[in-house]
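Worksheet for the structure shown next.
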Amino acid sequence: MLASAIQKTALDLHEKLIEAAKSDAPLPILKQADVSLTKLRFYLRLCRDLELLQIGQYQHVSRMVSEVGKLLGGWMKKP
């Protein structure tokens with residue numbers, strides 16, 4: 001069930017980023033993407049807490065999610 005939630009949330013995030021890239025008013029969509037990213041972070045931490053991910057796997061995915069967060073924050077600040 002948790003794997004399904006992660007997959008659904010990751011796909012939702014991806015879809016929102018695509019929608020924002022094609023939108024004339026991307027900020028509201030980027031804010032929705034940020035919510036999806038927050039959910040994804042939570043689910044991944046839960047996986048680590050439940051020992052479904054090894055520490056190395058968690059560190060790797062955390063770096064990737066952090067990078068997406070930085071990019072998303074930059075896009076949201078762009079005029």
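Values quoted throughout were computed directly from the atomic coordinates according to the rules given, and no laboratory measurement underlies them. As the structure is a prediction and not an experimental result, all values here were calculated from the model. Positions of Cβ are backbone-derived with ideal geometry, glycine not excepted, and every protein chain shown enters the neighbour counts.
For the reader, a short list of remarks on this structure follows.
- Karplus (6.51, -1.76, 1.60) ³J(HN,Hα), θ = phi - 60°, over region 66-71, in Hz, Gly and Pro reported as x: 4, 5, 4, x, 5, 5
- The relative contact order of the chain comes to 30 percent, based on Cα pairs under 8 Å that sit 6 or more residues apart.
- Helix 27-49 and the longest principal axis of the Cα set of the chain meet at an angle near 0°.
- In the elastic network of the chain, a GNM with C-alpha springs shorter than 10 Å, the most mobile of Asp49, Asp12, Asp34 is Asp49.
- Candidates Ile18, Ile29, Ile55, ranked by Gaussian network fluctuation over the chain, Cα under 10 Å, top entry: Ile55
- Each of (i) 13.4, 42; (ii) 11.6, 30; (iii) 19.3, 67 is a candidate for Rg and Dmax of the Cα atoms in Å; the one calculated from this structure is (i).
- Cβ charges +1 (Lys, Arg) and -1 (Asp, Glu), total dipole of the chain, debye: 200 debye
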